[in-house]
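> I have a structure here, written as structure tokens, and I will follow up with some questions on it.
FYI, it's all coordinate maths here, none of it is from the lab. Just so it is clear, the structure is predicted and the values come from calculations on it, not from any experiment. Here the Cβ positions follow ideal geometry from the backbone for every residue, glycine too, while neighbour counts run over all protein chains shown.
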Amino acid sequence: MRVYVPTTLNALAQAHADGILGTAPLRAYAVTPALREWYLSDDIEELEYAALVRAAQSSLRLLAEDAKAPRRRVVVALDVPDQVVALRVDAEHQDAAAELGAVTLTETLRLAKAAAVHADADDPEVCEDVAAAAEAVAAADAGDEDARFTVDGAEDHELMWFATQEIPSLLA
């Protein structure tokens, strides 16, 4: 099963040094039954993109918690055995679209198993929008419409695709 693990550049640098993306239990996103039902599509590429977007939203929340992390969202895509993926039943029954697709990975993940990394471009405009969104995400979650507009501004930027061999240059 393809899963999308939200992270930050600082955490990716640590994972690159240690070889471990994260220890179990680890939050990730995948194509779940609730995501399929909400998205109303049978196209697996569209569904996987929806899971990637949810992981990017979660990465934004990680940035809000880590003021020292560079203001770029990062998501690591991996293929893992189905048995290491546990549906987050609480998330599957919430109305928040950002929670759809949330899963828990029950085994430690090696970064060497990553298929790709998705990250914001190292562009001043993108970093500025992501920084503003990280500042506004808590207020947006609380219902502030102006803050929601700011968060949506970051979501207007598509994440770029990086091969795993490009991780060192992504971190430079």
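> Run the helix sum for the chain: -39,500 (n - 2.57) per DSSP H stretch of 4+ residues, divided by residue count, reported at 222 nm to the nearest 500 deg cm²/dmol.
Helices in the chain give a 222 nm mean residue ellipticity of -13500 deg cm²/dmol.
> Okay, next question. Go ahead and run the numbers for FRET between LYS68 and GLU45, Cβ-Cβ distance against an R0 of 35 Å, rounding to 0.05.
On the way: r = 35 Å, r/R0 = 1.00.
Using R0 = 35 Å, I get an efficiency of 0.50.
> How charged is the neighbourhood of GLU46? Take every other residue with its Cβ under 15 Å from the Cβ of GLU46, and add Lys/Arg as +1 and Asp/Glu as -1. Don't jump to the answer; show the numbers that get you there.
Values: positive: ARG2, ARG36, ARG54; negative: GLU37, ASP42, ASP43, GLU45, GLU48, GLU158.
Residues close to GLU46 contribute a combined charge of -3.
> Related question: At 30 Å minimum axial length over the Cα atoms and a Kyte-Doolittle cut of -0.5, report the qualifying DSSP H helices in the chain, or say none.
Passing helices, by number: 44-65.
> Using Cβ contacts closer than 10 Å as the measure, can you line up ILE44, ILE20 from fewest to most? Working shown, then result.
Numbers: ILE44 11, ILE20 14.
Result, fewest neighbours first: ILE44, ILE20.
> Moving on to the next point. Taking H as built 1.01 Å from N, whose amide H comes closer than 5 Å to the amide H of ALA116, not counting residues under 5 places away?
ALA77
> Quick query: amide H of ILE20 versus all other amide H atoms, modeled in the peptide plane; which residues come in under 5 Å with a sequence gap of 5 or more or a different chain?
LEU111
> What number comes out for the charge environment of MET1, summing +1 per Lys or Arg and -1 per Asp or Glu over other residues with Cβ under 11 Å away?
Taking every other residue near MET1 into account, the sum is -2.
> When every alpha-carbon pair in the chain is counted, what percent end up more than 23 Å apart? All intermediate terms of the calculation are to be shown ahead of the outcome.
Details: 5399 of 14706 pairs.
Of the Cα pairs, 37 percent sit more than 23 Å apart.
> Could you sort 139-146, 1-8, 112-119 so that the peptide with the highest average Cβ count within 10 Å comes first and the rest follow in order? Display every interim value, and only then the final one.
Numbers: 139-146: 12.2, 1-8: 23.0, 112-119: 17.1.
So the order, starting with the most tightly packed, is 1-8, 112-119, 139-146.
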